[in-house]
Structure formats: C-alpha cells, structure tokens
Amino acid sequence: MADKSLPQLLASYRERKHLLALLKEIQEVYGYLPGEFIPEIARSLGLPVAEVYGVGTFYSFLSARLQGRNVIRVCKSAPCWLKNCELIVETLKRELGIGPGETTRDGRFSLQLTNCIGACDQAPAMMINDTTYVDLTPEKIPEILGGYK
Amino acid sequence: MPEKRIVLKNCGVIDPRDINTYLGQDGFKALAKARTELTPEQVIAEIKGSGLRGRGGAGFPAGLKWELARNAPGTEKYVICNADEGEVGTFKDRYILGRDPFSLIEAMAIAGYAIGSQTGYIYLRAEYYYLLNLLQNAIAQAQEGGFLKGLVIEICEGAGFYVCGEETALMDSIEGRRGEVRFRPPFPPTQGLWGKPTIINNVETLINIPQIILNGAEWFNHIGTERSKGTKVFSISGDVERPGVYELVMGSPLRELVEELALARDVKLVQVGGAAGRVLPYQEIDTPLAFETVLGAGAVIVFNESRDVIDIVFRTMEFFAEECCGKCTPCRLGTEAMIEILAKFVQGSGSKEDLTVLEDTARMMQLTSLCGLGQTAPNAVVDTLQYFPDLYQARISKSEVP
Ligand SMILES: Cc1cc2nc3c(=O)[nH]c(=O)nc-3n(C[C@H](O)[C@H](O)[C@H](O)COP(=O)(O)O)c2cc1C
Ligand code: FES
C-alpha cells in the first residue's frame, strides 16, 4: 500500500520544525502512525522518543490506530446540531454499519465526530478526507459515499 | 447603522485567481505608498492612529503590537497570519480567504515592512485544506509581480486542534511541537516564533491594513464607536433564515444582524463570540456589537424558542473539555468537573450544592487558567445562571426541594 518507505520520508524531512509535516505525510501514506516508526523518527531528527510520541498523539488529524482509506468527520458543534447533524450521523451509521470511532471491516471508511469545521452557514456539514460536504440531508449520503473506493 | 464594506470590499468583485483583477481595484497601491512615502515608523503610527484592534477575539490594539515588535532587538522577525479559525460558529476568515487572498498578502507585506521582517507564515487550519492551492497561487502571482521584495510567505497547515488558534500554541505548532499554550511573559512581540520578535494577527485584522494605509488613520477612526473602530465581519448561523457573512459598522445593534439581515424569528437566546462568547437572552437583543459590550471573533449563533438552554450549555462545555490542551490544571479538570455537573442538570437531577460548585469552578477557571480557552470556557454557564436561573432551579432533583 505504501508508496514511500520510511527512510525515503525521513530523508525529505531533516529539521526539527518538519516533525509535524513528516507525521502528517506518514499518516497520509500509511493511514496511521505505526508505533515502530517513532524511535526511528526520533533518531533521525535527534529528538527524544517522548517528544515524537507527544506530537504524534496530540493532533486530531493524526492517529496511532489504523484508519480507513477514507476518514469521515461529521461536525457536531452547535450550529450543525441545530440543523440536525444527528440525523446525518444516524444515516452514516446505518449505511456503514459502524459507529463513531470505528472503521469498516473492509477498511474503506472510518467514522469520526468533530467540532466546527467552519461551514456553519451551510450546516449540517462533514468532511471526507480533505473535501467538505455541506447542506447535508440523509438522502445525499449514499451518493456521496459511492464516490469513495 | 448600515452595512458597510471595508473588509469585504473585494469579495465577489475580484477573481481570487487573477492578480490583475485585484490590481484593478487599487490592489498593492497601499504597499507602494507605504514603501515609497512612509517610513516603517510612520506606517505603525497610522495603524495606531486608526484605532484598529485585533479581530481574532482578544481585541488587542494592532498598532501597539507592531510597535513592540519593531522596537524589539534583533534582525530576525516574523509576521504570522492566524487563519486557524476554530471558534464554533466562525467562518468569516474562510469566506475572505477564498474571495480576496491578495489583500491578505498585501497586508502581510506592509506588516513585514513595518516591523522589519523577511518571513511571513499563514497558519491555515487543516479543515481549510481546499484553500491551500488558491493561497499558494496568490502568493506566487504576488511574487512574480514583484510585490513581495524580500518577504517570503509560507503556508503552514494545522493538524486539527482548536487551541492551536491561540497565539503561543500556534507558534509551537509551527515549530513542529504539540500545540500547547506557553507561559507569558515573554509575549510574542518580543519573543515569539523560534524565540524571535513576532506579530500575529487574525485574517480580518490584516485585511483592514491596506485600506487604512490608503485612506488614512483619520478616515478609519471616524467609523464605529469610541473604543471600537471600523467594521466587524460577523458569521451568523443556527436558527436563522439567512445564515452567512455580514459586515457591519462597529456598534450596530445585535437586532439588526439577527432579525433584519439573517431573518431570525422566535429568538430565545444568542451566543455572541461562539462557544467562548457571551450568551444573551432575547431581551438583550438591542445590545450594540462592539469591544465595549460583546464581540469576540464575531460568531453569532442563534437559538430559537424550541431549544433547551441547559442542553446548549452542556454541549458548549463538552467542546471545551475536548479541545483543552491539557497543560494547565484549572482548565483540564475544571471543564471535566463542569460536564459532570451539567450532565446532572440535563437529566433533572442537579442539587443546590451543584449550583454553588458550578459558580465556584467558573470563577476559579476564569482567574487561574493559563489561556483564553480556560478563562472563557465558563462564560455560557455564568451567563445562563444569570439570565435563566429558573431553568437551573427547575432541574434540581425533586427530592432536594424543601
Ligand atoms: C483557545 C483560543 C483559540 C483561538 N483561536 C483563534 C483563531 O482561530 N483565530 C484567531 O485569529 N485568533 C484566535 N485566538 C486569538 C489569538 O490568541 C490571538 O489573540 C490573535 O491571533 C491575535 O490576532 P489579532 O490581534 O489580530 O486578533 C484564539 C485564542 C484562544 C485563547
Ligand atoms: S458547527 Fe458545523 S461547521 Fe460549524
């Protein structure tokens, strides 16, 4: 699955300030941050293992557990809640057969809930990977999901 | 008071992918004026004289911040644009960035000239990845046009964390660390990114800059209220017919925005400033919107009569507990304690003692939290206890009531 090996990735991020960018690329390539990479990253950047682990577990776009090929983030903050985001979550649960925090068995989707993604004027909203979907209705969900492999 | 376009002047007018359309609207004239007619000190004097205050929530005077950074010793200095926009209910920076990236770049170039900086960063929240290409394209066009002389602007992408919008956490995040809030002092204008003098401003704050330089401090100073100059861009959402982005002169009544522009009906309460903001019941709908009263970053969330107040407060606190960076104890434990108690009120099993604990915890968090997150997290609790005490009383467990 991975099109870039760890040494290749390490070679393109040589400085301390690149740690977050490096972790984000690993996340993208591998779908998560494999624990066994952490000591190697630390050695390569000359940082304590705890520091790399600390950064790797801090941000919501990084994950220590294997994620699906496509990560769905449904907004649950107040403006989306007022526009029935719960109905969207229910629809996704039914379509995918998983709940928030879970990944489908075929590894196609992970489902997560998130806070405001800055699309409240077009609520309810969700993201799949880098794409934002707005003005959602339960009817729109199957077609949107169909676009992802 | 009328709608007025200063910040949104180019939105929908120019093509954000074509610098020539921006040049057609006086684009980069302010930068040329700054560089040829004004010394860096004079630029800063204009910004100070305009009375422009930060639009990211805290309202700090922009000119003063710039002056501190200009006067700080050192040759390596940084300009950061805060495009993290994580406050619940805020989307105005997204709106502006997507429609007028050039004004932002021009403003950053003026800022770089004023404080003596060769490097600028735009910290873009991960959720706005779709704007990355547009911004990069705008920077490249400005560079090719010869407008950036000596200034490099880099875009740094976030990785999803509300607290990274806080200025010191944001700097730690650019440095590749956990986005945790720093102890202050030192303040960023003297020791910011990489320990060097740094100014950090919100997108909207910066977009005002070219207009101020072109039209002069006096012009700007005459718009707005005594302590809030210019306009404010609001993001309004929730129970309204026409959600969206509206720019109003500072001091405009909340009613104008909520009822006349966004067409809300049966309003029960309004949260001004997002989750961290103040809760106003409908009887306060004539409150003017300004730093003197309520403003924050201009997120306005409207709740109608059908909504449950305690539910709203509970959800607000849940947000803070999730987004707390964990560095300071008052915030980390305070938000958790409040959720526990609020959950009881949601279920109707609160007690009188719980009310006292809520009030005490709120005060403790406001006074002792390390950053604005913990300090403002109790706002919704404090305000609803003040305006809707009966609703809390009604959720005290029946066995408790004498
Ligand atoms: C928890 C927290 C989150 C914040 N998020 C943002 C944000 O997303 N965007 C922003 O411009 N300012 C945010 N701020 C305010 C910044 O710390 C800082 O005051 C601001 O970037 C300064 O720019 P300004 O003076 O132009 O407003 C946040 C503050 C706190 C405490
Ligand atoms: S609340 Fe859902 S996008 Fe803002």
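Read the figures in this text as sums done on the coordinates, not as results from a lab. It should be emphasised that the depicted structure is a prediction, and the values quoted were computed from it without experimental measurement. Cβ atoms come from the backbone with ideal geometry, glycine included; neighbour counts cover every protein chain shown.
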Set of aspartates and glutamates with alpha-carbon distance to A:K93 below 17 Å, sequence-local pairs under 8 removed: A:E102, A:D106, A:E139, A:E143
Along the dipole axis of chain B (charges at Cβ: +1 for Lys and Arg, -1 for Asp and Glu; origin at the Cα centre), the most positive-end residue among B:C324, B:G296, B:G49 is B:G49
What angle, in degrees between 0 and 90 and rounded to the nearest 10, separates the Cα long axis of helix B:309-323 from the longest principal axis of the Cα atoms of chain B? 50
Quick P(r) readout (the protein assembly as shown; Cα-Cα; 20 Å bins; whole %) gives 21, 55, 23, 1
For peptide A:107-120, compute the average count of partner chain beta-carbon atoms within 10 Å of each residue's beta-carbon. 5
Only Lys, Arg, Asp and Glu count, each charged at its Cβ (+1, +1, -1, -1), so figure out the dipole size of the protein assembly as shown about its Cα centre, rounded to 20 debye. 980
PRE zone check, label point 7 Å out along Cα-to-Cβ of B:L263, amide N under 19 Å, scope region A:69-102, hits A:83
Cα gyration tensor shape of region B:239-370, rounded if a/c is under 1.5, else prolate or oblate by comparing a/b with b/c: prolate
Please identify which residues in region A:23-64 have an amide N closer than 11 Å to a label point set 7 Å out from the Cα of B:L132, following the Cα→Cβ vector. A:24-25, A:28
Which values, in whole Å and largest first, are the semi-axes of the equivalent ellipsoid of chain B obtained as the square root of 5 times each eigenvalue of the Cα gyration tensor? 39, 24, 18
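What is the extension gain from B:S306 to B:Q386, computed as 0.36 nm multiplied by their sequence separation minus the C-alpha to C-alpha distance, in nm to one decimal?
Using 0.36 nm per residue and subtracting the Cα-Cα distance, I get 26.8 nm.
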Say R0 is 30 Å: what FRET efficiency, to the nearest 0.05, do A:T131 and B:E76 get from their beta-carbon distance? 0.20
Number of partner chain Cβ atoms within 10 Å, mean per residue of A:51-64: 4
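Between B:T293 and B:S397, what FRET efficiency comes out of the Förster formula 1/(1 + (r/R0)^6) with R0 = 41 Å and r the beta carbon distance, rounded to 0.05?
Values: r = 37 Å, r/R0 = 0.89.
Rounded to the nearest 0.05, the efficiency is 0.65.
What fraction of the DSSP beta bridges in the protein assembly as shown is antiparallel, stated in percent and rounded to the nearest 5?
Looking only at bridges with both residues in the protein assembly as shown, the antiparallel portion is about 45 percent.
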Can you tell me how much longer the chain between B:R332 and B:W194 gets when fully stretched, taken as 0.36 nm per residue apart minus their C-alpha distance, in nm with one decimal? 47.0 nm
Partner shielding of A:23-29, as the mean number of partner chain Cβ atoms within 10 Å, equals 1
Going by C-beta contacts inside 10 Å, put A:W81, B:W219, B:W66 in order with the fewest on the left. B:W219, A:W81, B:W66
If a/c stays under 1.5 just call it rounded; otherwise compare a/b with b/c (prolate if a/b is bigger, oblate if not). Do that for region A:6-58, with a ≥ b ≥ c from the square roots of the Cα gyration tensor eigenvalues. rounded
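If you stretched the chain out fully between A:L66 and A:R16, how much longer would it get, using 0.36 nm times the residue separation minus the C-alpha to C-alpha distance? Mind dumping the intermediate values first?
Numbers: separation 50, 0.36 × 50 = 18.00 nm, distance 2.52 nm.
Length gained, A:L66 through A:R16: 15.5 nm.
About the Cα centre, and with charges only on the beta carbon of Lys, Arg (+1) and Asp, Glu (-1), how big is the dipole of region A:70-146? Nearest 20 debye, please. Provide the component values of the computation, followed by the final result.
Working: 8 positive and 10 negative charges, 37 e Å.
Computed charge dipole of region A:70-146: roughly 180 debye.
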Given all pairs of different Cα atoms, what value in angstroms does the Kirkwood hydrodynamic radius of region B:19-221 take? 16.7
Label point 7 Å out from A:E36 along Cα-to-Cβ: which residues of region A:1-20 have amide N under 20 Å? A:1-11
When N is the residue count of region A:70-146, what does its C-alpha Rg come to as a fraction of 2.2 N^0.38 Å? 0.98
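In terms of the Cα gyration tensor, with a ≥ b ≥ c the square roots of its eigenvalues, is region B:309-400 rounded because a/c is under 1.5, prolate because a/b exceeds b/c, or oblate?
prolate
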Only Lys, Arg (+1) and Asp, Glu (-1) charged, at Cβ; chain B dipole about Cα centre in debye: 860
Assuming R0 = 41 Å, can you tell me the calculated FRET efficiency for the pair B:Q118 and B:E322, based on Cβ-Cβ distance, to the nearest 0.05? 0.60
Relative contact order in percent for chain B (Cα pairs under 8 Å, 6+ apart) equals 18
Counting only helical runs of four or more DSSP H residues, what would the 222 nm mean residue ellipticity of the protein assembly as shown come to if each run contributes -39,500 (n - 2.57) and the total is spread over all its residues? -12000 deg cm²/dmol
Inter-label distance, nm, simple model (7 Å from Cα along the C-beta direction), B:L214/B:D360: 5.7
When N counts the residues of region B:218-267, how does its alpha-carbon radius of gyration compare numerically with 2.2 N^0.38 Å, as a ratio? 1.27
